[in-house]
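Have a look at the structure below before the remarks.
The values are calculated or read from the model by the stated rules, or taken from the named source; none is laboratory data. All values reported here derive from a predicted model rather than from experimental measurement. Note that each Cβ is placed from the backbone with ideal geometry, even for glycine, and that neighbours are counted across all protein chains shown.
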Amino acid sequence: VRPAPPVSSPPALARLDLQPLGRRISVGAGSTVLAAAQSAGAGIIAICGGSGKCGTCRVRLVRGTLTPPTDAEVSVLGAGALADGMRLACQARLAGDAEVDVPAGSVSAPQRLALEGEGVAVVLDPAVEAVDVRLVSPGPGDLRSDAARLLDELADRRHDDVAAALEVLRSLPPRLRNQGWAGRAVVSRPVRGAPELRALLPPGATPLGLAIDLGTTKVAAYLVSLESGEVLGRSGTMNPQIALGEDVLSRIARANSSATSAARLQAGAASSIDSLAVELCGRTRCPPDRIVDAVVVGNTAMHHLLTGLPVRQLGEAPHVPAASAALEVLASELGLQRLGSASCYLPPVIAGFVGADHVAMLLACGMAETRATMLALDIGTNTEISLVHRGRLRSCSTASGPAFEGAHIGEGMRAAPGAIEHVRYLDGRFSVQTIGDLAPIGLCGSGVLDAVAEARRAGALTERGSLARDHRLVSSTPDGPACVLVEGKNAGHGRDIVLRRADVNEIQLAKGAIRAGIDVLLADAGLAAGDLDEVVVAGAFGTYLDLDSAMAIGMLPRLPHGAYRQVGNGAGQGAVQLLLSRRQRVLAQQLAREANYVELTVRRDFADRFVKAMHL
Ligand code: FES
């Protein structure tokens with residue numbers, strides 16, 4: 001490997017913009033992008049330590065000047081990726097100011113929060129509007145009620161026929177008097193139907209929105225200014241429903257067992273939203289009653305459990321939702337005590353296992369209006385997949401199991417400090433990168449995926465997923481053969497960290513299910529993988545998986561890196577957009593109505609494709 005060439009007569013300083021991390025730094029020209037990023041505290045994965053061998057430090061040059069590609073870049077990246085602007089951060093040196101894009105897969109775990117919030121831009125057009133009002137106080141000659149006084153004022157300002165819910169009417173008298181008969185009347189702007197008075201805020205107060213991604217495991221919340229569109233704060237918590245069932249099916253069974261259990265599941269979801277609202281408002285010093293609109297997205301089971309819709313039919317074939325259209329209700333109807341009279345919008349669902357969270361993700365990545373042929377995956381215990389081609393949307397859902405969350409894997413763990421997040425086979429041995437650069441103690445999802453891909457590349461695994469017993473990296477253990485990734489002397493807990501046949505099998509099942517789902521959708525549209533213009537991968541695991549590994553084991557189709565976009569929490573981004581844009585709500589309805597749901601279990605070709613896709 002030839003070292004990166006020095007720059008001749010470089011200017012003293014060069015500016016480097018690292019996007020979307022939002023870091024802008026001045027460094028000595030001639031520094032490698034990796035060294036410059038590290039000096040700014042931006043963690044880029046660099047398993048081989050900067051020798052140009054591992055390919056984990058990929059970045060894309062957006063504008064500016066870097067030194068010409070080194071031999072190492074040509075050999076690791078190939079001409080196609082280089083032509084696409086892809087570079088190795090450890091090899092490319094600054095030859096002037098430059099802006100580079102750091103793909104999610106190249107970012108080390110502690111930096112990942114910074115990447116949240118990516119998505120297509122929307123025009124600010126929220127579902128509520130704040131109208132400044134100043135009222136004449138009542139007197140002997142004017143005995144109108146408080147509500148009539150306010151609604152008359154709104155009518156004078158061209159907001160006719162505004163209705164007000166009992167909950168809002170209750171709050172008006174003290175507010176009007178405390179605020180000296182002035183304030184900001186928040187009026188809804190429905191796409192259809194009459195506008196409603198949502199709240200009367202103090203003069204000058206900013207109306208806020210709360211976007212919630214109600215996941216089976218985690219709940220994420222975003223507090224948003226409805227006037228500027230700015231995300232003021234974000235937070236997350238575990239879904240307390242976990243105490244009543246680990247996964248969707250066990251929670252459905254629990255809800256079916258008794259009305260009390262169903263009520264506990266509903267209350268658990270509502271309380272997690274309430275506590276996130278309180279936390280975010282406390283952190284941003286905004287009173288919770290400034291929240292006037294909320295959007296909740298979740299899979300169909302979470303949607304039904306929160307809204308109190310029956311779930312029995314979701315758990316039984318053919319798994320149909322109780323209701324699929326968008327819902328708009330008062331937050332208090334969902335038991336959201338901290339959001340009072342705020343309205344709560346729940347986008348439509350597509351099917352029993354393709355929920356409103358997937359609809360939100362599709363909106364966030366621009367799938368609703370694209371002319372391109374695009375595939376989008378949200379990888380989790382259940383993976384939702386959608387394909388749009390010539391404006392026609394096809395969606396399916398496939399059971400991919402918990403292996404990518406580190407579950408059912410011998411040495412598996414969640415993506416926490418000490419977890420191996422990346423593995424590379426270099427110079428005849430495995431090198432690993434851990435979260436937080438700590439001594440390794442286990443494998444998280446992206447680490448297991450890498451381990452399987454790299455063990456296969458090293459020849460320690462056969463195409464069928466068996467361990468090659470005579471391979472020098474495979475040892476005999478009392479539990480059978482195992483591929484040693486990290487020797488005990490280098491591990492945080494002193495034991496070997498190994499990959500076993502059973503682990504490989506879990507990954508084969510998961511990736512086989514995902515790939516078979518992709519292939520069925522492509523076949524249904526009469527397409528081959530090479531016809532795809534773009535592939536969007538969302539979800540916690542999907543965003544940080546190594547694309548090379550995923551392509552190497554056949555989980556994702558082999559396409560140029562530039563065709564892939566890893567987007568973070570697409571559902572959360574979509575929920576924020578649904579708060580900010582009425583148009584997104586119209587598009588959501590359109591998407592769900594026009595989606596063609598493909599039920600994989602009744603497709604005769606699914607089983608064959610699944611078996612084929614299990615091979616490594
Ligand atoms: S750190 Fe750049 S190729 Fe390994």
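A few remarks follow.
- Among the candidates Val349, Val329, Val297, the residue that is touching a residue at least 40 places away in the same chain (Cβ under 8 Å), touching a strand residue (DSSP E or B) at 6+ places or on another chain (Cβ under 8 Å) and of a type in the set (Val, Ile, Thr) is uniquely Val297.
- Matching entry among Pro173, Pro207 (being closer than 24 Å to Cys286 by Cβ and buried (at least 19 other Cβ atoms within 10 Å of the Cβ)): Pro207
- When Glu463 is tested against (1) buried (at least 24 other Cβ atoms within 10 Å of the Cβ); (2) within 13 Å of Ala552 (Cα to Cα), exactly one condition is not met: (1).
- Considered as a group, the residues in the stretch 32-56 that are in a helix (DSSP H, G or I) and surrounded by 21 or more Cβ atoms within 10 Å (Cβ to Cβ) include one that is farthest from the ligand (Cβ to nearest atom), and that residue is Ala36.
- Looking only at the stretch 84-98, and only at residues there that are in a loop (DSSP other than H, G, I, E, B) and not acidic (Asp, Glu), the one that is nearest to the ligand (Cβ to nearest atom): Cys90
- Selection from the stretch 443-459 of residues that are among the small types (Gly, Ala, Ser) and crowded, with 24+ Cβ neighbours inside 10 Å: Gly445, Ser446, Gly447, Ala451, Ala453, Ala455
- Taking the stretch 481-588 and the strands (runs of 3 or more DSSP E) fully enclosed by it, no element has 3 or more residues that are without any contact (Cβ under 8 Å) to a residue 12 or more places away in the chain and more than 20 Å from Ser386 (Cα to Cα).
- Within the stretch 29-51, residues that are closer than 15 Å to Ser108 by Cα have Cβ atoms under 6 Å from residues that are more than 10 Å from the ligand (Cβ to nearest atom) and charged (D, E, K, R) in these pairs: Ala40/Arg23; Ala42/Arg23, counting only partners at least 6 apart in sequence or on another chain.
- Residue list for the stretch 65-77, restricted to those being away from the ligand (no atom under 12 Å from the Cβ) and touching a residue at least 40 places away in the same chain (Cβ under 8 Å): Thr67, Pro68, Asp71
- Each residue in the stretch 216-238 was checked for being modelled with pLDDT of 90 or more and part of a loop (DSSP other than H, G, I, E, B), and 5 pass.
- Within the stretch 57-72, the only residue that satisfies the criterion of being in a loop (DSSP other than H, G, I, E, B) and within 31 Å of the chain's Cα centre (by Cα) is Cys57.
- Looking across Glu129, Glu73, Glu99, Glu116, one residue alone is at pLDDT 85 or above, over 30 Å from His159 (Cβ atoms), among the charged types (D, E, K, R) and buried (at least 18 other Cβ atoms within 10 Å of the Cβ). It is Glu73.
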